[in-house]
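The values are calculated or read from the model by the stated rules, or taken from the named source; none is laboratory data. This is a predicted model, so every value here is computed, not measured. Note that each Cβ is placed from the backbone with ideal geometry, even for glycine, and that neighbours are counted across all protein chains shown. Just so you know, the surface numbers come from the protein's heavy atoms only, side chains and all, with ligands and any DNA or RNA stripped out. Shrake-Rupley method; radii C 1.70, N 1.55, O 1.52, S 1.80 Å.
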Amino acid sequence: MGVRRFAPTAPTPANSLRLRCRLPAPRASLFAGGGKGRNAPQTIGAMSKEFVDAAQAGDEAKVRRLLAGGADPSADDDGYSGLYCAAQEGHVNVLRVLVEARASLEAKSPKGSNALLMAAQNGHADCVEALLKGGANVQAQSAKGETAVFLAAMNGHTDCCRLLLRAGADPTIEAKHPGSGKPCSAIKIAEEA
């Protein structure tokens, strides 16, 4: 006698809970339809890539559409989240959408950085401000021990430094100076300038 299989509609705890709470069935893709082309189902990896690419390009409308279709606001492509990429490129409108959608503010890239560190390093003060308002950890550190205020100071972004200091950033936290490899802090960088 073969293996007995349950009917696809057999009640399971997950299906029972879904039906009691009147929740929709889980989606296999961002797009309904299952046909070819634009409405074809996508794999999770393809969805994540499309989502991160839209965030990196600053395509707010597409990011909103993908989120409305069920995309994870913290989705990443090879470890780089949409929030990280939007912060890196200075796309504050996309960044605000993702913060509002509750994207993970502390998600680390493969190199150990996060969205706030990237925005500060690249001098995107409007992104730094939006991330801080969203609750980003002002003391977050990269894998190398760099803080946002350290990176902003290191790259001469005084507007970002002001925002971070007002938010309570500690300018005395030391990290290795990229040039000399010696311990350094935002305060020491400011004194040298």
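Here are some notes:
- Every condition in (1) open to solvent by 20 Å² or more (accessible area, probe 1.4 Å); (2) assigned to a helix (DSSP H, G or I); (3) within 29 Å of Gly70 (Cα to Cα) holds for Pro110 except the one numbered (2).
- Residue check for His124: surrounded by 21 or more Cβ atoms within 10 Å (Cβ to Cβ), over 23 Å from Val97 (Cα atoms) and at pLDDT 95 or above: no
- Looking only at residues in the range 145-193 that are in contact with a helix residue (DSSP H, G or I) (Cβ under 7 Å, 6 or more places away or on another chain) and of a type in the set (S, T, N, Q), the one that is surrounded by the most Cβ atoms within 10 Å (Cβ to Cβ) is Ser185.
- Matching residues in the range 50-98 - criterion: being out of contact with any Asp or Glu (no Cβ under 7 Å at 6 or more places or on another chain), open to solvent by 50 Å² or more (accessible area, probe 1.4 Å) and part of a helix (DSSP H, G or I): Asp53, Ala57, Glu60, Ala61, Lys62, Arg64, Arg65, Ala68, Gln88, Glu89, Arg96
- Hits in the range 164-192 (condition: small (Gly, Ala, Ser) and either under 29 Å from the mean Cα position of the chain (by Cα) or over 15 Å from Ala148 (Cα atoms) (or both)): Ala167, Gly168, Ala169, Ala175, Gly179, Ser180, Gly181, Ser185, Ala186
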